[in-house]
Amino acid sequence: MLDFTRYVAIGSDFAQLPFAEASKGPTINPPKIQVENVDFWYGDAHALKSIKLEILSREVTAFIGPSGCGKSTLLKCLNRMQDDVREHEMTGRILLDGEDIHSPEIDPPMLRARFGWVAQKPNPFPWTVYENIAYAPQIHGKVQGRAQTDEHVENCLRRAGLWDEMKDRLGEAGTDLSGGQQQRLCIARALSLEPEVLLMDEPCGSLDPVSTATIEDLIRELTGEIAIVIITHNMEQAARVAQRTAFFKLGEMLEVGDTKPMFQDPQSEDCRSYLQGQFG
């Protein structure tokens with residue numbers, strides 16, 4: 001369990017923060033996702049401007065920046081969740097394992113099945129704990145029969161740190177759990193299709209410190225297995241879990257790199273001001 005008394009940034013240099021392990025870089029962790037010159041509009045609103053970014057395999061990338069800067073828009077572009085938005089336009093390319101996700105050969109539902117999604121507010125299905133985990137693997141043919149499904153449900157709940165609490169409550173409604181338990185159930189559900197990429201939009205934004213610590217522990221355990229992208233307004237959290245960080249402002253990505261050097265010596269004045277808490 002994390003000792004939150006240790007995680008207090010000193011001034012603007014985050015001197016006493018235990019940073020995540022440094023990025024191993026593209027020579028060891030090749031790019032899982034490549035964002036190439038992406039612009040995105042909601043009607044006349046230019047939400048993303050010439051975004052160029054690589055998200056490396058088996059590492060955590062944090063998106064930081066003030067509200068309305070384009071972080072969530074980009075996150076939803078990665079698995080084409082923005083396809084259903086009315087009056088939108090995107091230019092540029094997003095590659096997953098080198099393949100354009102907007103290629104005519106790509107089936108959007110199958111593409112999204114390669115991603116796990118965790119939202120800020122827990123949103124379990126109004127079904128039992130067991131059904132929340134079992135449903136997607138069953139319809140996608142990932143499991144066959146009750147024994148295999150039982151094993152898969154248990155494995156997903158264990159990975160989310162929820163099995164010991166839920167093993168005798170699998171028939172309870174997921175919506176009846178506490179907020180922290182609901183969010184961990186949503187993470188277990190996101191892991192149920194064994195995603196290649198996990199997208200997390202402020203996953204701890206509505207949680208208490210203990211639940212937050214549990215989810216950060218899970219993120220660290222998953223590091224090295226899959227690519228994870230997390231949006232967070234908590235700079236200490238970004239430092240603790242992310243090998244790489246991208247800073248956004250007004251639809252532009254102004255800085256990206258390894259988290260520790262960025263936080264201790266940001267290269268852009270806007271990023272420096274944001275990390276010092278001068279705007280947000």
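The values are calculated or read from the model by the stated rules, or taken from the named source; none is laboratory data. Just so it is clear, the structure is predicted and the values come from calculations on it, not from any experiment. Here the Cβ positions follow ideal geometry from the backbone for every residue, glycine too, while neighbour counts run over all protein chains shown. Quick note on the areas: whole protein, heavy atoms, side chains included, nothing else; ligands and nucleic acids left out. Shrake-Rupley method; radii C 1.70, N 1.55, O 1.52, S 1.80 Å.
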Step through the table entries 49/249; 24/249; 52/76, compare each Cα-Cα distance with 18 Å, and write down the pairs that go over it.
24/249
Under the Debye formula (equal points on every Cα, no solvent term), log10 I(q)/I(0) of the stretch 159-201 at q = 0.21, 0.32, 0.34 Å⁻¹:
-0.70, -1.26, -1.33
Label point distance in nm, residue 102-residue 138, each placed 7 Å from Cα along Cα→Cβ
3.7
Considering only protein heavy atoms and a 1.4 Å probe, what is the carbon-and-sulfur percentage of the accessible area of the chain?
47
Give me the distance in nm between label points sitting 7 Å out from Cα along the Cα-to-Cβ direction at residue 123 and residue 168, one decimal.
3.3
Quick check: with the 1.4 Å probe, what order do 157, 254, 207 take by accessible area, largest first?
254, 207, 157
Treating the beta-carbon of each Lys and Arg as +1 and of each Asp and Glu as -1, no other charges, what is the dipole magnitude of the chain about its Cα centre, to the nearest 20 debye?
140
So, counting K/R as plus one and D/E as minus one, what does the shell of residues with Cβ under 9 Å around residue 266 add up to?
-3
Run the 1.4 Å probe and let me know the accessible area of residue 228, rounded to the nearest 10 Å².
0
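Can you tell me how much longer the chain between residue 88 and residue 28 gets when fully stretched, taken as 0.36 nm per residue apart minus their C-alpha distance, in nm with one decimal?
18.0 nm
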Using a Cα-Cα cut-off of under 12 Å, which aspartates and glutamates could be cross-linked to residue 121, ignoring same-chain neighbours fewer than 8 residues away?
201, 202
To the nearest 10 square angstrom, what accessible area does residue 178 show with a 1.4 Å probe?
60
Order the following by accessible area, largest value first: 135, 274. Probe radius 1.4 Å; ligands, DNA and RNA are ignored.
135, 274
Accessible surface, the stretch 110-205, averaged per residue in Å² (probe 1.4 Å):
45
Under a point-charge model restricted to the Cβ atoms of Lys and Arg (+1) and Asp and Glu (-1), what is the dipole moment magnitude of the stretch 181-223 relative to its Cα centre, in debye to the nearest 20?
120
